[in-house]
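> What follows is a single structure, and I will ask about it in a moment.
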């Protein structure tokens, strides 16, 4: 008789999920959309445990009341666009523990049909078993500061567009102001553009408005300001100029709100003062309208600007993006992984498929990359590290590696509240020399040789 093959018993996904322990018995989940929200509670809490609500404010209050009536204490919400923000803030204010999850977490938990009701049920099941990991979100006072700072960056981006519009209008009139002035929004450029809009056309009188620090002389600037002065291009220049000035005023208003938000944060400095850095260059056009070094230091409790490459604007970005408490990140490896500054290993069957960085536009990571790039010519240990990585990995790899090191320093200072101890360039180079020598000795011993230092040559005796 032929032998029948016996197949091993395989549990279905539903049986496997049913056999798992319930970690969060009072868990609910919400599938968020722009015009409605699908809410799912445990099946034993209501005969109709999946309900669809609207997205208006009164509907959000109904969601919170229904969840409270059903004994829910924790809610999982998938971060869909920006539609989750009002619901998240309302539920958090009502006392719920809200778990904000990235969109990919639920979709990677097995194949299943795709409907709004099934999505809400699947999220609720995963959350009840403790399989969802909440995303990082700073406290409310930090979120307010972050909103003002992001609004400021957006206004600066809009203003830069109108700078290009002014340059375009000048070029169409063959006014070569951009060729003789490094920045048309500087003192010389704005004086000349304002005079042109007010009706001045004489190149000599326009060139006489140059600032004393301008590299080109009046004669060179006057030759560049002989334009055609067509009405349509002057109209375009006037509108671009007015929009640029409007956005600059809005940026100033944002700076006032940022200053007030910093003043509302608790003082963690214990009366200490930050160490002033020697300014190597003048004030940049997009800098804050107030000195933010001391307010940021008071809020953080540590002087992040003591780290080479990190200035007050970068420290402000760090404060607005993560705040002061980094306990949500158990180690510095978790922190750098959240920033996307470490390799993302993808391995299958013992073979490494990819080590590319995790994709994403983390604003703090961008700020740290810019800070790392500024260390290219720095005569410090971090500058020497950047140049060493540049010789091995290229410019892009050196920026990432140095930004990773800056992130580790920031994490250590915020977690332990310790001051940054700068390592000198000579100390770093001596340590690297010792490390290279130790490696060479180890390799020589492995090959059966002994590394002997070369004796200095004695001077010849006549």
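Since every read-out is calculated from the coordinates, none of them should be taken as a lab result. What you are looking at is a predicted structure, and each value in this text was computed from that prediction instead of being measured. A quick note on method: Cβ atoms are made from the backbone with ideal geometry, for glycine too, and the neighbour counts reach across all protein chains shown.
> Could you tell me how far the Cα centroid of the range 164-202 sits from the Cα centroid of the range 243-304, in Å?
31
> Separate question: Gap in Å between the Cα centre of the range 422-439 and the Cα centre of the range 371-399?
16
> Now for a separate question. Relative contact order of the chain, please, whole-number percent, based on alpha carbon pairs below 8 angstrom and at least 6 residues apart.
Once normalised by length, the contact order is 10 percent.
> Would you work out if the range 207-262 is rounded, prolate or oblate? Take a ≥ b ≥ c from the square roots of the eigenvalues of the alpha-carbon gyration tensor; rounded if a/c is under 1.5, else prolate when a/b is larger than b/c, oblate otherwise.
Oblate, since a/c reaches 1.5 and b/c is not below a/b.
> May I ask you to derive the FRET efficiency for residue 47 and residue 92 from their Cβ-Cβ distance with R0 = 41 Å, giving the value to the nearest 0.05?
The computed FRET efficiency comes out at 0.90.
> Working out 0.36 nm times the residue gap between residue 59 and residue 270, then minus their Cα-Cα distance, what length gain in nm do you get to one decimal?
71.4 nm
> Here's another thing I want to ask about it. By the gyration tensor of its Cα atoms, with a ≥ b ≥ c the square roots of the eigenvalues, what is the shape of the range 213-298: rounded for a/c under 1.5, prolate for a/b over b/c, or oblate?
oblate
> With no solvent and one point on each alpha carbon, what is the Debye value of log10 I(q)/I(0) for the range 312-375 at q = 0.19 Å⁻¹?
Rounded to two decimals, the profile gives -0.82.
> Ok, one more. By how many nm would the segment from residue 392 to residue 197 lengthen if fully extended, with 0.36 nm per residue of separation less the alpha-carbon distance?
Additional length available on full extension: 64.9 nm.
> Let a ≥ b ≥ c be the square roots of the eigenvalues of the Cα gyration tensor of the chain; is it rounded (a/c under 1.5), or, if not, prolate (a/b larger than b/c) or oblate?
In terms of gyration-tensor shape, oblate.
> What fraction, in whole percent, of alpha-carbon pairs in the range 172-272 exceed 16 Å separation?
I get 63 percent for the Cα pairs in the range 172-272 exceeding 16 Å.
> Short version: what are the Cα gyration tensor semi-axes of the range 379-462, square root of 5 times each eigenvalue, largest first, in whole Å?
Ellipsoid half-lengths, sorted descending, are 35, 18, 15 Å.
> If I model a spin label at residue 430 and residue 443 as a point 7 Å from the Cα along the Cα→Cβ vector, what separation in nanometres do I get?
Once both label points are built, they end up 2.5 nm from each other.
> How large is the direction-averaged shadow of the alpha-carbon convex hull of the range 23-128, in nm²?
Here the figure is 6.1 nm², rounded to one decimal.
> Could I ask something else about it? Of the beta bridges DSSP finds with both residues in the chain, what % are antiparallel, to the nearest 5?
Of those bridges, close to 60 percent are antiparallel.
> While we're here: How would you order 400-410, 368-378 from highest to lowest mean count of nearby Cβ atoms within 10 Å?
With the highest mean Cβ count within 10 Å placed first, the list reads 400-410, 368-378.
> Based solely on its DSSP helices, what 222 nm [θ] is calculated for the chain when runs of n ≥ 4 H residues each add -39,500 (n - 2.57) and the sum is averaged over all residues, nearest 500 deg cm²/dmol?
Using -39500 (n - 2.57) per qualifying helix, the result is -16500 deg cm²/dmol.
> Find the Cα radius of gyration of the range 204-357, compare it with 2.2 N^0.38 Å by division, and give the number to two decimals.
Relative to the rule-of-thumb radius for its length, the range 204-357 sits at 1.62.
> Continuing with the same structure: Nearest 5 is fine: what % of DSSP beta bridges in the range 23-128 come out antiparallel, could you say?
Taking every DSSP beta bridge with both residues in the range 23-128, the antiparallel ones total about 50 percent.
> Of 161, 74, how do they rank once you tally other Cβ atoms within 10 Å and put the fewest first?
Starting with the residue having the fewest Cβ neighbours, the order is 161, 74.
> For the residues 230, 276, what sequence is obtained by ranking on other C-beta atoms within 10 Å, fewest first?
Fewest-to-most ranking of 230, 276: 276, 230.
> Let me ask something else about it. What is the extension gain from residue 352 to residue 376, computed as 0.36 nm multiplied by their sequence separation minus the C-alpha to C-alpha distance, in nm to one decimal?
Using 0.36 nm per residue and subtracting the Cα-Cα distance, I get 5.5 nm.
> What is the spread of the Cα atoms of the range 317-419 along each of their three principal axes, largest first, in whole Å?
Taking the Cα atoms of the range 317-419, the three principal extents are 44, 35, 22 Å.
> Here's a follow-up. Normalised by the residues of the range 141-264, what does the relative contact order come to in percent, with Cα pairs under 8 Å and at least six apart?
41
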